[in-house]
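Report on one structure; see the data block that follows.
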Amino acid sequence: MAELVSFIIFFLGLYALVVKRSVIKSIIALVLMETAVILYFVSGGFEEGKLPPISDALPEQMVDPLPQALMITAIVIGISSTAVALAMYSQLHRKYGTDDWKKLMKIRLEEDA
Amino acid sequence: MPVTIVFLLAMVVLAVASIQVRKAEIAVIYLGIFSLFNAIFYLFYSAPDLSLAEAVIGSALATALFLVAIKGYTLRRTQIKSEYRSPKMRLALFGELFWGVVFLTIGFIVISFYFGTVQDVGKPAWYHYVRSFISDTGARNAVTAIYLNYRVFDTLFEALLLLVGILATAYFLEWPEGKEPEEEIATKPDSEIVARISGLLYPFILLYGFYIIVNGHLTPGGGFQGGAILASVFIIRYFAQRRLGINIFILQRLEKSFFLGIIALSMLLLLPEFMNSDFKVFHLVLMNILIGFKVCCGLAILFFCFIFQQTKVEDTKGRSERG
Amino acid sequence: MSELVGNVLMGVALVFMTCGVYGIFRFRHFYLRILISSKVDTVGFITLTAGIMVKSGLNFFTLKVLIIVVFFVLTNPLATHSIARSAYKSQYPLPEDDV
Amino acid sequence: MIPGYLFVLVPIAFGTLLFFTNSRQAKRGVIIFQLALILASLYNLTKLRFLESHVSIETFAGWDRIIGISLKWDLVSSLFVMLTAGLFFFLFLFDYRGDHVDQLFLMLLCTIQGLIIGIFLAHDFFNVFILYEVATILVSILIMFRKDKQSVYDGIFYLLTNLVAMTFFLFGIALLYRMLGVLDFALTREQMALLSDRRALILPYTFLVTALSLKIAILPLFSWLPRAHATPSAPSTVSALLSGLFVKSSLYLFFRIRNIFDPFLELTELFLILGWLTALFGALLALSQKDIKLILAYSTVSQLGLITFGLSLNQDLAFWGAVYHIINHAIFKSTLFLSAGIISEIYRTRDIERIRGVGKGMPLVAAGTIFAILGVTGAPFFSGSMSKYWIVASAKDNLTTLGIYLANFGTITCFIRYSRIFFGVQKNSENSSCSLWKMQHIVVFVMGLFSLFGGLFARELIILFFAKQLPVDPLSYFQKIMIFFASLIGGFFVLRVIERTGILKKIRELDLSFNSVAAFMFLFFSMSFLYLSLKYAPQ
């Protein structure tokens, strides 16, 4: 079930990247996609009744600790890349005055010419 | 578990909402709730470390950053309405519908293919980790054992990524390098109640943050989560007093020094004769503390960069309106 | 005994919260709604945690719950205050008559 | 051997340390540091060359490969490490007196050097992912270094497309880990053999391939590359670094990951066609541009397509030819970008029609650039000719051979247009007012010489570095020379005709918005997924 949902959210994010023309929506969609991957990673190998990987549990009962460690990394990555994207977004908005990808592209092409 | 199903459905609904809502602020709020639901969901899947990280970083901090970053730039309601009625918009709606159908088809094929083919061939890594992490690393929390010992090489880059991300943010938002902004950020005095009560909150938050950091090798949590909690002290301080009595330059220097410290400390792992069982635990605690301080400095810088940028935007707007 | 008292307290908390939810739907205006939701949240939460504390008896866990309660009592009204204050400052209109 | 993680971590730590010095000390320190790094990588290369197996795998802190992170040295990766060290040395030398150079810039370059070395050595899926993620953000700072209007768009375009690609990559890793339970490259391959149905690998492979295709800028997914590599305001060292070295790390990773999946799933036909199309299309787009930096960037797209083509031919000769071409391309493309930087700074324009008479004004730069151009077009006795020769020689049927010649014909035509800047007379002769450091000219010239050496001693170098004897048949090599001259003349005429029709302007205005790139990514993903699932459908 969780795997299904993570696939759905991933494609939902991708869909938003394709159809939504606002930059901020693209960033939101990117966050959604990242979260979907994290959800998948955690739920992928999970079996019912497994305990957190802390030494109170027996080794056989523990859930796989590796995805969790990796996904903490992924969350930190997510926040820093989101912050950078947002910082760029505010620069972009200040310089171009719009956050529509199509208008941005047009202005940029005129700059080139 | 029926509870998890409810959570998952709510997550899908919130994701759709955050994409489809037109006003960016509301979309961001939905995204924050989505992250919070994720965080709670991870608890059901026996991932407390991750849950803490997602709650602190993904749900709280990311939402705050989003809100501060888009504050000056979002559309007014009338603008949205007028755009909504234009013929161009109708064409765009048609495009959305078309892509929706395409995504549904391909998504359905991919998902059914996945459930038809997925298989397991055992978990060698899991087997190794859960059997030997206590004796190998001295940690009681396997997640900490992995990210501070087995795979510390990754963690170094994670710390570097945070450093670089903050560098980039500060650079793009044009923080005056090496200086404090001269004028005071806010002019209005803020609510007395907020200021007083948040003063009462500091010790709680600090205590909690340090607890999470220092006990990272025993209980869920660790440097990253605890550091984020500590950083929230700075954020609260801003809301309470609205005055930047903070020298960003020193924070940046501190962050870089902590990063160098983390690299140097992780190099000790390469000297096996040095790492006896007592020192191993000490090493874990020390690493967690350094990471916690580094993350705290970093996230505080991140937040202040956005706040500073925001006031600058408002400044220029006000000036152009007056002039 | 403490089991029973705890359960009763938690039940009372649920009653409080139900009233609160009803109140949110009954009132139409933002300021009234935020008042209701804040009050109910605080009272309901305190009663609920009191029930949990009574149920679990006197141990370390109770202390932790107590700390959470103190934290909550400090922060929740504060958050409501901030929201209402910022709404007022950004000239969100006040209700014209009572209710 | 010197451990590999030192090669990764020491540049990063060094870069961070630079913040605590003043900029004079920093510049000097960097030069000395680069020399030390070159020596260290040379030492490792020689050590490895004399090992019996030519392979050395190390794990961080000595854990088992299943639970730790391993790095792998082989002949190719160690040569790439040396290439990275050498190229960075020249870049730092080139920028020694640049006014944009401060501690931040030096720190970014040092850090990205460590990351690129890390990508070359990495032997673990998640490690690769995180290295790329850091590098993506770093590169976006470098692109936006001057924060002007154009580079902001280019920067955010680059950042978001690449972040989406990395999300795909992470999903691929997640699927792989869920099925196989390991992250190490070699162990993954061992675990794959245990799968009862290889169709299980289709989905993860598609995710990984989509991400890597965007990274190596294959046909529908390349539109971020010219924008990022040729941002007008970015320092020319940045363009040289991105175009010369950084994309090569993706290519290297692409063929390593392909090798892991190779016995179970293969996409070679698809990449053969896509690589060829990219080579042609890139050359066409390069031909249509006016901006000299954009010409070079699109030519990078074309060459990347050619290298992908060579790697997908599935033959030993073509493989080594392609690897050699990666190295050659790194050298001559960075030469070209550096010289373009000098030229555009002196002439104060990047419009190719308005730059004339470089040959007279700056003989050293002109000589270096001409060497590099001869290299990239595959002129006889220059480095490009040898690598392209090996790629062509391994093509068995006439169609593939013809395809490569056609792609090379495009490159030649576009560089005929480019080389017009050397001749003629500059109309407004106020260009001498800008005084440039002579060292930059020397750097360009020396790097140009490398592409001559790379051609003259190609076989010896291959034997020296790769311990491989690649055959060169004099007769067919002579034939290739003839074809080169024929296409040179042909290109001249085609250029004449094409410039009159005005079609170039129309091509120049083709551009994709971010949404279209995302749509193409999705289409690429679904197409390769459908292709694979049909190819390996149960009988």
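Rule-based calculations on the coordinates, nothing more; no lab input. All values reported here derive from a predicted model rather than from experimental measurement. Cβ placement follows ideal geometry from the backbone for every residue including glycine, while neighbour counts extend to all protein chains displayed.
To the nearest ten degrees, helix C:60-89 and the longest principal axis of the Cα atoms of chain C are 0 degrees apart. Max-minus-min Cα coordinates of chain C on each principal axis give 50, 24, 13 Å, with the largest extent listed first.
With R₀ fixed at 35 Å, the C-beta to C-beta distance from residue B:247 to residue B:273 puts the FRET efficiency at about 0.25. Here the contact order of chain D, divided by its residue count and restricted to Cα pairs under 8 Å and six or more residues apart, works out to 14 percent. Under the criterion of Cα pairs below 8 Å and six or more residues apart, the relative contact order for chain A equals 27 percent. Under 10 Å, Cα contacts only: if you run a Gaussian network model on chain A, which one of A:13, A:49, A:78 comes out with the highest mean-square fluctuation? Evaluated over chain A, the most mobile residue of the options is A:49.
Relative contact order, whole percent, for segment C:2-89 stands at 38, derived from Cα pairs under 8 Å and 6 or more residues apart. Shape class for segment D:439-539, computed from the alpha carbon gyration tensor (a ≥ b ≥ c): oblate, with a/c not under 1.5 and a/b at or below b/c.
Within the protein assembly as shown, DSSP assigns beta bridges of which about 90% are antiparallel (rounded to the nearest 5).
So for the protein assembly as shown, Kirkwood radius off the Cα pairs, Stokes-Einstein at 4 °C and 1.567 mPa s: how many µm² s⁻¹? Intermediate values should be presented prior to the final figure.
Details: Rh = 30.6 Å.
The calculation lands on 42 µm²/s.
3J(HN,Hα) along segment D:525-539: 4, 6, 5, 5, 5, 5, 4, 5, 6, 6, 5, 9, 5, x, 6 Hz, from the Karplus curve 6.51 cos²θ - 1.76 cosθ + 1.60 with θ = phi - 60°, whole Hz, x for Gly and Pro. Rounded to the nearest 20, the Cβ-based charge dipole of the protein assembly as shown about its Cα centre (Lys and Arg +1, Asp and Glu -1) stands at 2980 debye. Backbone geometry of segment B:205-221 corresponds, through the Karplus equation with coefficients 6.51, -1.76 and 1.60 at θ = phi - 60°, to 3J(HN,Hα) couplings of 5, 4, 4, 4, x, 5, 4, 4, 5, 6, 8, x, 7, 9, 10, x, x Hz, x marking Gly and Pro.
Applied to segment D:478-484, the Karplus parametrisation 6.51 cos²θ - 1.76 cosθ + 1.60 on θ = phi - 60° returns per-residue 3J(HN,Hα) values of 4, 4, 4, 4, 4, 4, 4 Hz, with x for Gly and Pro. Neighbours of residue A:86 by Cβ distance under 12 Å: Lys/Arg scored +1, Asp/Glu scored -1, total 0. Can you give me the angle between helix A:2-19 and the longest principal axis of chain A, using Cα atoms only, in degrees from 0 to 90, rounded to the nearest 10? For A:2-19 against chain A, the angle is about 0 degrees. Which of the residue pairs D:248/D:505; B:123/D:396; B:294/C:89; A:20/D:388; D:248/D:290 have a Cα-Cα distance greater than 32 Å in the structure shown? Long pairs (Cα-Cα over 32 Å): B:123/D:396; B:294/C:89; A:20/D:388.
Expressed as a fraction of 2.2 N^0.38 Å, the C-alpha radius of gyration for segment B:124-172 is 1.54. Near the amide H of residue A:62, within less than 5 Å, lie the amide hydrogens of A:51, all on another chain or at least 5 residues away, with H placed in the peptide plane.
Neighbours of residue B:18, meaning other residues whose beta-carbon lies under 14 angstrom from its beta-carbon, give a summed charge of +2 when Lys and Arg score +1 and Asp and Glu score -1.
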